[in-house]
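Okay, structure first, notes after.
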Amino acid sequence: MVNSLSHNKEIKKGLYLVPTPIGNLGDITFRSVEILKKSDVILCEDTRVSRRLLEKYQINTKLISNHKFNEIKNLKKIIDLLEDGQIISLISDAGTPGISDPGAVLVKECVKKKIDIIPMPGPSAVTTAVSISGFSDKYLFYGFFPEKKKNFKK
């Protein structure tokens, strides 16, 4: 028996954390594309970046910009939509939202309010790097380096 979203018209209500490709737009999963198409709203870091991906897969879902400068301001509006039974997907520009990208504030509020959070598997910079590193099965991920050289501590 094939377990596919296309066989299920209904998907669970809540917040979907949908990872996006880290370079090649073809790296998104089929399930992620289906979830994004069935979402009522997609929260994205940068609408210009997200539109490229969404246009490639003919996803016409409404976008709401949600980045580090407005995620606290957006919080009540998004929680209200979730509590009203909306299906909301959160994506970042590349990789998994909430890991060095906006999303942690929303996830914490959803946990507090007992709103379902559904994580999706997909591209990960950390596991991709570890897979080719030659490391043993143990590693520690402590975050990403700062974007600007001036932010490095000496």
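The set of residues in segment 74-130 being charged (D, E, K, R), farther than 21 Å from residue 25 by Cβ and not in a helix (DSSP H, G or I) consists of 84, 113, 114, 116.
Is there a residue being of a type in the set (D, E, K, R), in contact with a Lys or Arg (Cβ under 9 Å, 6 or more places away or on another chain) and surrounded by fewer than 16 Cβ atoms within 10 Å (Cβ to Cβ) anywhere in segment 72-83?
As a first pass, look at segment 72-83 and keep what is of a type in the set (D, E, K, R): 73, 76-77, 80, 83.
Filter once more, so that each one left must be in contact with a Lys or Arg (Cβ under 9 Å, 6 or more places away or on another chain): 83.
Imposing the further condition that a residue be surrounded by fewer than 16 Cβ atoms within 10 Å (Cβ to Cβ) reduces the set to 83.
Yes; the residues of segment 72-83 include at least one that is of a type in the set (D, E, K, R), in contact with a Lys or Arg (Cβ under 9 Å, 6 or more places away or on another chain) and surrounded by fewer than 16 Cβ atoms within 10 Å (Cβ to Cβ).
Report whether or not residue 22 is modelled with pLDDT under 95 and under 27 Å from residue 76 (Cβ atoms). So residue 22 does not fit the description; no.
The number of residues in segment 22-63 being assigned to a loop (DSSP other than H, G, I, E, B), in contact with a strand residue (DSSP E or B) (Cβ under 8 Å, 6 or more places away or on another chain) and farther than 23 Å from residue 124 by Cβ comes to 2. Residues in segment 64-73 that are assigned to a helix (DSSP H, G or I) and over 12 Å from residue 109 (Cα atoms): 73 alone. The lone criterion from (1) farther than 29 Å from residue 142 by Cα; (2) of a type outside the set (A, V, I, L, M); (3) touching a helix residue (DSSP H, G or I) at 6+ places or on another chain (Cβ under 7 Å); (4) surrounded by 17 or more Cβ atoms within 10 Å (Cβ to Cβ) left unmet by residue 38 is number (3). Mind telling me which of the residues 129, 125 ends up being of a type in the set (A, V, I, L, M) and surrounded by 15 or more Cβ atoms within 10 Å (Cβ to Cβ)? Every option except 125 fails the conditions.
The values are calculated or read from the model by the stated rules, or taken from the named source; none is laboratory data. Nothing here was measured: the structure is a model prediction, and the numbers come from that model. Backbone-built Cβ (ideal geometry, glycine too); neighbour counts: all protein chains shown.
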